[in-house]
Structure formats: C-alpha cells, structure tokens
Amino acid sequence: MFTKCKTKCQADKNLWIRNNVFYFMVEIPRKNGKRRYFCKSLHTTNYYEAQERAKIMVKSLNSNNIEAKTYIHLAQTVINKLKFDEFDEKVDVGGQTIIQHQKSLSQQNDPETVQELVNIASKLSAITQSTLDDDDIKKITEIVNIAVAAQLQNMVKSGNFKPKTAPGSNYTIEYIVDSMLKKANNTKDVATKRYNRINNLLNGVGLKLTDNYSKFYTAEIIQKMCDNIKALNVKGSVKRTYTREIKNIIMHAHNLDPDTYKTNLINVIPEFKKTSKDEIDPHWPYSDDELKQIFNPANDYFKKNPDVFWTTLIGLFVGARCNAAITLQYADIINVDGIDCIKFQDTHPIKQLKNAATHRTVPIPLQLLNLGFVDYVKRQQAKSNAQPTDFIFPKCQTSSGQYNNKFTTRGFIKYINDIGITKNNPHKLDFHSLRKNANLCLESKAVPETFINDIIGWEGRSTRQQSYSNHDLQKIKVQADKLCYDFLQPEFDQWKIIMVNK
C-alpha cells in the first residue's frame with residue numbers, strides 16, 4: 001500500500017512510500033475521461049536520494065511532453081509539403097448512397113520529403129505516450145500512419161529507395177538500447193556499465209550494436225548468449241544481471257513496436273539462482289603485520305594522498321563502510337558535551353548509508369584523536385574556506401556530481417595491491433576488511449556487543465539489541481576509546497608529525 005511522504009517540503013509532493021521504498025507518482029492527462037497516474041519506483045530507501053531522483057523524473061516528464069509537441073509541429077510542417085489527390089467517393093450508409101469527399105497521398109511526392117516525415121515519425125513512435133493527452137496521441141497516430149503510407153508508396157514506385165530510419169521494423173540494436181537506457185533514468189555511471197555489459201554480450205555472439213534488431217531476436221542468438229552467460233565463471237547473481245539485460249532489450253523493443261517485435265523468446269532464457277550467502281566470499285580482516293605494512297611511513301602513498309590516509313583510519317577506528325567514510329562533510333564532525341564525534345547522516349544524495357543502524361553518532365576513539373584527525377579537518381576547512389556542507393574529501397564526488405567509487409578502487413585498493421598485500425594473502429581483502437578489524441579489536445578488549453553495535457553501526461542480532469540497548473554518548477565514549485591498536489603506535493607517532501604539514 002502506498003503512503004504519502006509526510007514532509008512539508010514542496011519538492012516532495014510527488015513522493016510516495018511503499019514498504020519503505022520511495023516511489024514517484026504524478027497525475028497525468030486524462031484518457032477517455034478517466035484519471036491516470038504515472039508511478040515509478042525510485043529504487044531507494046534514502047529520502048535525500050529519492051528527492052533528487054524525483055526532480056529528475058519531473059524534468060523527464062516535462063521534456064517528454066515538450067519533445068512530443070515539438071516533433072508533432074515539425075511533422076505537420078512536413079505534411080503540409082506533401083501532395084494529396086482529392087476525389088469524391090460513393091458510400092452506402094443505411095441503404096442510402098451518399099458522396100463523401102476523400103483524399104489520398106499523391107504518387108508525385110518528393111522522396112526526400114517523405115524520408116523527412118519518416119524520420120520524425122520514428123522519433124515520435126519512440127516517445128513514451130503514457131504521459132501525453134488524448135489529442136497528442138491521436139496526432140501521433142495520424143502522423144505515423146501517413147508516414148508509413150508515404151514510405152510504402154515510394155518503395156513500390158522506386159525499388160532502390162531505402163529509408164535511413166523506418167518506423168517500426170527497421171530499428172538497430174543500438175537504437176533500442178539507447179532508447180531503453182534513456183527511459184531507465186539511470187545515472188551516467190550505471191548507464192555506461194549497462195551499455196558495456198550489453199556490448200560484451202553482443203560481441204560474444206558476433207553481433208554489433210549497429211546491426212539490425214532482427215539479427216538479435218532469433219532463438220539461435222538468444223540461446224547462444226545464454227550459453228555464454230552460463231559458461232561465465234561468476235556468481236549466480238551476476239549471471240542474473242546479464243540475462244536481465246537480454247529480457248529488458250526484448251521488452252523495450254516490444255514496447256516500441258508491439259505488432260512487429262514479440263516477446264516469445266523470453267521463454268528461452270534460463271533462470272539462474274541467486275548467489276547464496278554461503279557462496280559469497282567473506283571479507284577477511286588485515287593481520288597485524290599487514291596493518292603495519294599499510295601504515296609504514298616508508299611508503300610514500302599516504303604522504304601524497306592524505307585524504308586516503310584519513311578515510312582508511314575512519315574505517316579502521318569506527319568500522320565505517322567506504323561510502324560513509326569518504327562522503328563525510330565538515331558538518332559531520334561535531335562536539336557534543338565536550339566529546340568529539342563523527343555523525344553519520346544522510347545529508348547529500350551521494351551518501352548511501354545502508355540501514356537505520358548506520359545513521360549514528362560515534363565518539364572518535366582517543367588514538368585517532370591523538371593522531372590529529374579533528375585538527376586536520378579544522379585545518380582543511382580553514383585553508384579552503386569550506387562551508388559546513390562541503391565534503392572533507394572532495395574526491396568522493398565527480399565533476400558532474402556523481403558518487404566516485406574510484407576513490408578506493410584506484411586509491412586504497414591499488415595501494416595495497418602495489419605493496420603486495422593482496423598478492424600474498426589469498427583471502428578477500430578490501431576497504432570493508434577494516435570494518436572487520438574494528439570489530440575484532442573491540443571484541444578483544446571485551447567491549448559488550450551492544451556497544452560494538454553502536455560504534456560499528458550494526459542493527460544487532462535480536463530485538464533486545466535493536467530496540468532496548470540504547471547507551472548515552474558518555475558511556476559509548478568509554479568503550480570507543482578501547483578501540484586502540486597498540487602495535488601501530490610507533491607508526492602513528494611518525495604519521496602525526498608527517499600529517500601536521502598536510
């Protein structure tokens with residue numbers, strides 16, 4: 001059941017919630033006198049992210065209607081250039097013969113003018129009509145019918161006339177894929193990943209994006225693609241992602257032209273099982289020796305990249321996930337009753353905190369404080385004259401405003417690869433492993449599990465832990481200070497001196 005988002009912000013008038021997931025819903029022009037609504041999942045439980053995606057949806061709907069009206073106007077201009085033959089026709093109506101004035105396309109129309117209309121009709125047929133009013137839908141239908149008739153006439157008249165882009169049955173795979181990704185409302189990064197994934201599937205069966213869709217939609221090609229996916233040495237969930245792309249292409253082609261493009265071959269595509277938790281490689285913590293190697297001052301990487309140095313420590317000392325660690329804003333470093341804390345909160349669309357327990361205020365452990373983390377933050381804010389809403393580590397965001405996960409993939413992960421840690425350790429090691437280290441450190445200091453939940457950001461295993469084990473900040477501070485890596489203190493003493501000048 002949908003419930004209205006109850007914030008008073010004007011921007012939220014189209015936000016609805018179902019099972020904690022946000023949906024975009026807006027009333028669109030009536031059809032046959034009936035009220036209609038456009039409803040689409042925003043695929044997020046994050047309010048701020050939903051708000052940003054809703055703004056994009058509003059622009060998309062508006063641009064969709066404007067685009068339709070623009071092409072309708074262009075088509076009418078081209079139709080006015082066409083020649084029509086007029087004639088009177090006798091029609092039997094209720095036993096009486098009446099004369100009706102008719103007109104049909106002339107055989108003398110210029111092929112270039114017809115081609116121009118065909119191209120416009122193709123673009124009109126690709127526009128989502130669910131948000132258009134009845135009058136515009138009627139006009140689009142008339143334009144497409146005239147374009148098809150004119151094209152057929154020219155093909156009969158001249159065998160060598162071949163339109164560049166015909167409505168209906170002459171779409172290329174690339175046209176369908178581009179149209180599908182455009183309608184999906186993906187971010188640029190996600191759209192690029194999907195495009196590359198589809199391109200890989202096509203290359204595997206000897207097809208190109210520029211090929212006609214009819215070459216793609218055959219039982220032989222679909223079966224071959226599925227066999228290639230089945231042979232991939234990847235988890236079941238990844239295989240499901242690939243087959244989902246094939247289904248999406250088939251369904252989108254059907255939506256573009258239901259009469260020409262059927263969906264029968266979806267039945268050929270096998271269902272791969274989801275990857276079970278037992279099959280997923282667990283994250284392993286770093287050994288003491290590996291941590292000493294990571295924080296060895298002889299390595300230059302942290303000296304050149306102090307932002308990666310501090311985000312690594314945030315993961316190590318408070319168990320923050322990568323997204324939470326690198327997207328901290330200056331306003332997230334706070335002092336409550338004399339206690340310096342990190343407040344993990346959703347205050348920007350690129351912040352993707354996993355669940356309610358992840359939203360927390362954590363006292364900064366004493367060893368991290370002594371390293372000069374708060375002083376570094378204050379120094380950076382003053383140096384750059386930054387606002388409270390600015391990011392402490394600006395590389396977390398691309399120039400276009402998207403979340404930048406290369407911060408770790410080309411930063412921290414590359415660093416531990418370069419110093420040989422991942423090569424010499426067969427287990428799964430990455431940024432998330434630091435979270436395991438934080439948990440093990442707290443356990444080794446006999447910190448109660450409910451306090452570990454508060455510091456690391458876990459929901460807890462039971463209802464008692466989740467709902468009845470609340471601790472005040474002063475008590476959490478006592479336990480957080482136990483999160484101390486004594487064996488790293490010699491390295492930290494040197495880093496404290498190095499980072500004063502950063």
Need pairs with beta-carbon distance below 9 Å; first residue in a loop (DSSP other than H, G, I, E, B) and within the stretch 118-147, second among the polar types (S, T, N, Q) and modelled with pLDDT of 75 or more; sequence gap 6+ or separate chains. Ala126/Ser179; Thr128/Asn255
Output the qualifying pairs, or none if there are none: Cβ atoms under 8 angstrom, residues six or more apart or on different chains, first residue in the stretch 15-27 and crowded, with 17+ Cβ neighbours inside 10 Å, second residue in a strand (DSSP E or B) and of a type in the set (Val, Ile, Thr). Trp16/Thr3; Ile17/Thr3; Tyr23/Ile17
Give the stretch 414-463 a look and list any residue that's in contact with an Asp or Glu (Cβ under 6 Å, 6 or more places away or on another chain) and aliphatic (A, V, I, L, M), or say none. Ile421
Of the conditions (1) more than 30 Å from Tyr171 (Cβ to Cβ); (2) exposed (fewer than 13 other Cβ atoms within 10 Å of the Cβ); (3) modelled with pLDDT of 85 or more, Ala231 clears all except one; give me its number. (1)
Restricting the stretch 269-290 to residues that are surrounded by 16 or more Cβ atoms within 10 Å (Cβ to Cβ) and more than 16 Å from Lys428 (Cα to Cα), the one modelled with the highest pLDDT turns out to be Ile269
Please pick out the residue among Leu74, Leu117, Leu132, Leu82 that is modelled with pLDDT of 75 or more and within 30 Å of Glu27 (Cα to Cα). Leu74
Filter result (under 31 Å from the mean Cα position of the chain (by Cα), surrounded by 14 or more Cβ atoms within 10 Å (Cβ to Cβ), assigned to a helix (DSSP H, G or I) and of a type in the set (A, V, I, L, M)) within the stretch 343-400: Ala357, Val377
Using beta carbons and a limit of 6 Å, which pairs, at least six apart or on different chains, have the first residue in the stretch 315-332 and hydroxyl-bearing (Ser, Thr, Tyr) and the second one part of a helix (DSSP H, G or I) and surrounded by 24 or more Cβ atoms within 10 Å (Cβ to Cβ)? Thr327/Cys396
Among the residues in the stretch 252-267, are any over 27 Å from the mean Cα position of the chain (by Cα) and among the basic types (Lys, Arg)? yes
Can you name the residue in the stretch 430-482 that is loosely packed, with under 15 Cβ neighbours inside 10 Å and β-branched (Val, Ile, Thr) and, of all such residues, is modelled with the lowest pLDDT? Thr463
Lone unmet requirement of (1) touching a Pro at 6+ places or on another chain (Cβ under 9 Å); (2) crowded, with 20+ Cβ neighbours inside 10 Å; (3) farther than 19 Å from Thr408 by Cα for Phe317: (3)
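Based on what the data block shows, is Ile221 out of contact with any Cys (no Cβ under 6 Å at 6 or more places or on another chain), outside the structural domain of Phe431 (by TED's automatic domain parsing), on the phi < 0 side of the Ramachandran plot and at pLDDT 90 or above? Show your work before the answer.
Working: out of contact with any Cys (no Cβ under 6 Å at 6 or more places or on another chain): yes; outside the structural domain of Phe431 (by TED's automatic domain parsing): yes; on the phi < 0 side of the Ramachandran plot: yes; at pLDDT 90 or above: yes.
It is true that Ile221 is out of contact with any Cys (no Cβ under 6 Å at 6 or more places or on another chain), outside the structural domain of Phe431 (by TED's automatic domain parsing), on the phi < 0 side of the Ramachandran plot and at pLDDT 90 or above.
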Reported set for the stretch 167-216 where residues are surrounded by fewer than 17 Cβ atoms within 10 Å (Cβ to Cβ) and either of a type in the set (Asp, Glu) or touching an Asp or Glu at 6+ places or on another chain (Cβ under 8 Å) (or both) is Ser169, Asp178, Asp189, Arg197, Thr210, Asp211
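Condition (residue is at pLDDT below 85 and part of a loop (DSSP other than H, G, I, E, B)) applied to the stretch 236-246: is it met by at least one residue?
No, there is no match, as no residue in the stretch 236-246 is at pLDDT below 85 and part of a loop (DSSP other than H, G, I, E, B).
With the condition kept exactly as written, say whether any residue in the stretch 293-308 is farther than 18 Å from Gln402 by Cα, out of contact with any strand residue (DSSP E or B) (no Cβ under 7 Å at 6 or more places or on another chain), among the aromatic types (Phe, Trp, Tyr) and not in a helix (DSSP H, G or I).
yes
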How about the stretch 406-423: which of its residues are assigned to a loop (DSSP other than H, G, I, E, B) and either touching a helix residue (DSSP H, G or I) at 6+ places or on another chain (Cβ under 7 Å) or crowded, with 16+ Cβ neighbours inside 10 Å (or both)? Ile419
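The values are calculated or read from the model by the stated rules, or taken from the named source; none is laboratory data. All figures in this text were calculated on a predicted structure; none of them were measured in a lab. Because the Cβ atoms are built from the backbone with ideal geometry, glycine has one as well, and the counts that use them run over all protein chains shown.
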